[in-house]
Amino acid sequence: MNEFEEQLKQTLSRKQPAIGFAEKVLARTHPRNHSWKWALVAGLAACLAAVGVYETYRYQQGQFAKEQVMLALRITADKTHVAQQKVDQLNHRSFLP
Amino acid sequence: MFVRVQDNSGLVAFEKALLGDEAAFAELVRQHQAMVFSIALHFLRNRAVAEELAQDVFLHLFRKLKEIESPTHLTNWLRRVTSHRCIDQSRQQKYRPRVGLEAAREPSISPKHSDPMLQSMLDRLIQALPEKPRMVVILRYQEELEPGEIAEVMQIPVGTVKSILHRALAVLRGKMERGAHA
């Protein structure tokens, strides 16, 4: 190996990384425990689902009540119409000579 | 073939690490950290990036440890993975030098004078080499590998390694000599 190559060898000599390098590698081999995060996510999802189901139920109940009211109004209107016709007939007869 | 002196502690640590002994794995890391880190440092010339890359290499080793057959295979594997990752990193994150080798500033000092300055200049000239020649020079003079061993690590033909090395040295020497006479 000539002088130039010796110089290259010196320039490219091995260097040590920062102290605690092996410990950092070891720490990275243990993935952090994220189970509590998953539990939180699952809990939030369950809450959202429950709220969704409850709101759907309330909406359906509302729709049913609305249909009942509409039906009641239609029946009332029919009855009122029949009563009106009868009153009109009675009035008509009372005016006859 | 690649490890000239393989002491017994390396073998013991390797065998224990294979059985899942974390302390032994940490010992394996300590035994090889200078090699892996230095290849990355000399190639990327950025201490933080080199350390991150070296950590990634050992993390990859931790996952692939069962596939490693012997301490010699381990050293060879580490060199191969490190060199490939360095080249990939350089390509992805543009850690390549902004100037080509021909444009690199020549040293204005004699090689026989101040060594730290000379080493710094030589380091910069090595850094200016394209990726493959740079890695070949690092493996040749940091790891003292023969062309056949470099070919195996870099997975390129031996003839290519020899020609890359010859050209890289000629360019580096030329730059240094021109700098010395400037």
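Quick rundown of the values:
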| read-out | value |
| --- | --- |
| Cβ-Cβ under 7 Å pairs, at least 6 apart or on other chains, the stretch B:38-62 side outside the structural domain of residue B:136 (by TED's automatic domain parsing), far side crowded, with 24+ Cβ neighbours inside 10 Å and not in a helix (DSSP H, G or I) | B:42/A:12 |
| Lone qualifier among B:85, B:96 - being modelled with pLDDT under 90 and open to solvent by 70 Å² or more (accessible area, probe 1.4 Å) | B:96 |
| Restricting the stretch A:24-39 to residues that are more than 7 Å from chain B (Cβ to nearest Cβ) and open to solvent by less than 100 Å² (accessible area, probe 1.4 Å), the residue that is modelled with the lowest pLDDT | A:34 |
| Candidates B:38, B:70, filtered to the one that is closer than 28 Å to residue B:146 by Cβ, polar (S, T, N, Q) and touching a Lys or Arg at 6+ places or on another chain (Cβ under 6 Å) | B:38 |
| Of residues in the stretch B:58-77 being touching a Phe, Trp or Tyr at 6+ places or on another chain (Cβ under 9 Å) and open to solvent by less than 30 Å² (accessible area, probe 1.4 Å), the one nearest to the other protein chains (Cβ to nearest Cβ) | B:58 |
| Residue check for residue A:55: open to solvent by less than 100 Å² (accessible area, probe 1.4 Å), more than 14 Å from every other protein chain (Cβ to nearest Cβ) and acidic (Asp, Glu) | yes |
| Of all residues making up the stretch A:1-23, the number that are of a type outside the set (Val, Ile, Thr), open to solvent by 40 Å² or more (accessible area, probe 1.4 Å) and more than 8 Å from chain B (Cβ to nearest Cβ) | 3 |
| Every residue from the stretch B:118-160 that is open to solvent by 20 Å² or more (accessible area, probe 1.4 Å), more than 12 Å from chain A (Cβ to nearest Cβ) and not in a helix (DSSP H, G or I) | B:130, B:146, B:155, B:156, B:157 |
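The values are calculated or read from the model by the stated rules, or taken from the named source; none is laboratory data. None of the values given here were measured: they were computed from a predicted structure. Quick reminder, even Gly has a Cβ in these numbers, built from the backbone with ideal geometry, and neighbours come from all protein chains shown. Side chains included, ligands, DNA and RNA excluded: accessible areas come from the protein's heavy atoms. Shrake-Rupley method; radii C 1.70, N 1.55, O 1.52, S 1.80 Å.
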